Amino acid sequence: MKSSNIIDLIKRRFPNEPEYHQAVQEVVESIEDVYNEHPEFEKANLLERLVIPDKIHSFRVTWMDDNGNVQTNMGYRVQHNNAIGPYKGGVRFHASVNLSILKFLAFEQTFKNALTTLPMGGAKGGADFSPRGKSDAEIMRFCQAFVEGVWKVIGPDTDVPAGDIGVGGREVGYMFGKYKKLAGEFTGTFTGKGREFGGSLIRPEATGYGNVYFLQQMLATKNITLAGKRCLVSGSGNVAQYTCEKLIELGAIPVTLSDSDGYIYDPDGITAEKLQFVMELKNLYRGRIREYAEEFGCKYVPGERPWSEKADIALPSATQNEISGDDARRLMQNGIIAVSEGANMPSTPEAIEIFQQHKILYAPGKAANAGGVSVSGLEMTQNSERYSWTAEQVDEKLKWIMSNIHENCVKYGTESDGYVNYVKGANIAGFMKVAKAMMSQGIL
C-alpha cells in the first residue's frame, strides 16, 4: 500500500473536504510502514474501509426563534467506526460546521478512543448553528429539534454523543431531556450530563486536566518539570479554563487566553483569582476575553492568536488549524520546548513538520486531549452500574489513562535517534487496535 494512493482516492471520491483530507493524510502517511508489514490488511482492503465512515446521517433542523420566525439549519451525525465499541464522540454547534469538519473529527475520534483503552468507537455530530447571541429558550428549542433528527440512531449501546464547541452542560441537558422523552427510557445515552442526572465528577475538567497530565509525562522524559514554565494557552472555553487551572496547581504560569475576537497577554501570569474571573465571564455572562484586559490592565491584541508571545510551552486549546507554519516558526524562535494540543488538529501539517524538525516535544490532539472522552467513557461505566465514583477516583483513573496513552506513544513512536514522534506513535497504537478488531470481525 502506498499512502498517496489512498489519499488520492479520498480526494477524488470526496472533493471539497480539506479538513477530512488533512486528517486522513496525517494518519495514513505515519502508519504506512506498519501497515505494509501485514499483507492480510491489504488483502482485506482494510485501510480504505477504515478511512471511510460507516454511516453519515444528515437532516434538516427547523426551530422557532424568540421573534416567532422559523429558522433552518443542517444537522449531522457521522458514525465512523464501531469495531471496538459503540460510536462515541461529541456534538458541535458552530456556524463553521460542515460535513468535512465532522468527518475529520469522527475519523480522529476513532483513533483517540482506541488509545484510551476503553471500548468506544468513533463518531462526531453537530449543526451549523451558533449558540452565541441566542437566548436560553432559543437554544433549548434548537437542541430539542436537533435531537428529533438524530434520536433514532443513538443509544447507550449504539452511539453516545457528548459536548464539543458550542455544546456544554446546558445543551447536553436539553438534548438528553428530549431524547429521554422520545425514546421513553432513562439511560446513559449522552455524556457530559449534569451531576443530578448521571453526570460524572471531573468531566468538565477532563480534557484540560488530561492535556496537562500528558504534558507532564512528555516533560518527564527530559527530566523537566512544569514548575515555573510560562505557558501560552489559546481559547477561553472549558478546555482552556481547566488547562489553566491544572497548570496553576502544578506551579506553571499561563500568560495568555483568547477567543475569536483576539487574545490577552498577562506577563504577571493568570492566577487562580484571575482565572475565576474568566470562568464567570465566559460561563455565566458569555462575555469576551478583552474584558479580562480591561479588568486587569494587561495587553489585548484584537484579531490575532497568541503564538508570537515568548514562553516555554504552548497549549493550543481552541480549534482546528489555529497554528500555521509561520506561527510555528515564531514559537521556535521564542524558545518553545513543548506543544501539547488541547484542541482537535490545531496545528497545520506545515506547523507539525516544523515542530518535528526542531525535535521539540509535540503531542497531537488525538493523544493529548483524550482526557475528555476518557472520562466520558468512565461516565458511561458509572451509568451502566447506576453508581457514582468520587472526584479522586475519577481523577486517578484519568491520570492512569493518560499515562498509558503516553506509554503507547513512546512504544510505537520512538525513532532510531531516540526522538519520540508522538504523532506516529499515537496513530500506530490507535490504528493497530482498530485494525485487529476489524480483521477479527470479518468483512462488514
* To do: Sort S324, S4 so the one with the fewest other Cβ atoms within 10 Å of its own Cβ comes first.
  => S4, S324
* Among L47, L247, L99, determine the one that fluctuates most according to a GNM of the chain built with springs between C-alpha atoms less than 10 Å apart. => L47
* To do: Would you work out if the range 3-184 is rounded, prolate or oblate? Take a ≥ b ≥ c from the square roots of the eigenvalues of the alpha-carbon gyration tensor; rounded if a/c is under 1.5, else prolate when a/b is larger than b/c, oblate otherwise.
  => prolate
* Excluding residues fewer than 8 places away in the same chain, name every one of the aspartates and glutamates whose C-alpha is closer than 18 Å to that of K436. => E32, D33, E37, E40, E42, E48, D54, E108
* For K178, which lysines qualify as cross-link partners when the Cα separation must be under 17 Å and same-chain residues fewer than eight apart are set aside? -> K152, K193
* Rounding to the nearest 20 debye, state how big the charge dipole of the chain is about its Cα centre with +1 on each Lys and Arg Cβ and -1 on each Asp and Glu Cβ. => 780 debye
* Structure fact -> Rounded to one decimal in nm, the spacing of the 7 Å Cα→Cβ label points at R290 and K411 is 5.0 nm
* To do: Express in whole angstrom the spacing between the alpha-carbon centres of the range 307-370 and the range 196-243.
  => 15 Å
* Name the residue, out of G297, G287, G90, whose mean-square fluctuation peaks in a Gaussian network model built on the chain with Cα pairs under 10 Å. => G297
* **Fluctuation leader among R141, R13, R77 - the chain, Gaussian network, Cα springs under 10 angstrom** => R13
* Structure fact -> All alpha-carbon distances of the range 350-444, grouped into 5 Å bins from 0, give the whole-percent distribution 3, 12, 17, 18, 16, 15, 11, 6, 3, 1
* To do: First check a/c for the chain, with a ≥ b ≥ c the square roots of the eigenvalues of its C-alpha gyration tensor; if it is under 1.5, answer rounded, and if not, answer prolate when a/b is larger than b/c or oblate otherwise.
  => rounded
* Taking amide H positions as placed in the peptide plane 1.01 Å from N, state which residues far from V167 in sequence (5 or more) or on other chains have amide H under 5 Å from it. => F93
* List F146, F186, F104 from most exposed to least, where exposure is judged by having the fewest other Cβ atoms within 10 Å. => F186, F104, F146
* To do: Restricting things to alpha carbons, find the Rg to Rh ratio for the range 119-168 using the Kirkwood radius for Rh.
  => 0.99
* Please work out how many pairs of lysine residues in the range 1-140 are eight or more positions apart (or on different chains) and have Cα atoms closer than 28 angstrom. => 28
* Using the 10 angstrom Cβ neighbour count as an exposure proxy, how do R60, R329 rank, fewest first? -> R60, R329
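Computed from the coordinates by the stated procedures, all read-outs in this text should not be read as laboratory data. Note that the coordinates shown come from a computational prediction; the quantities given were computed from them, not determined experimentally. No Cβ is skipped: glycine too gets one built from the backbone with ideal geometry, and neighbour counts run over all protein chains shown.
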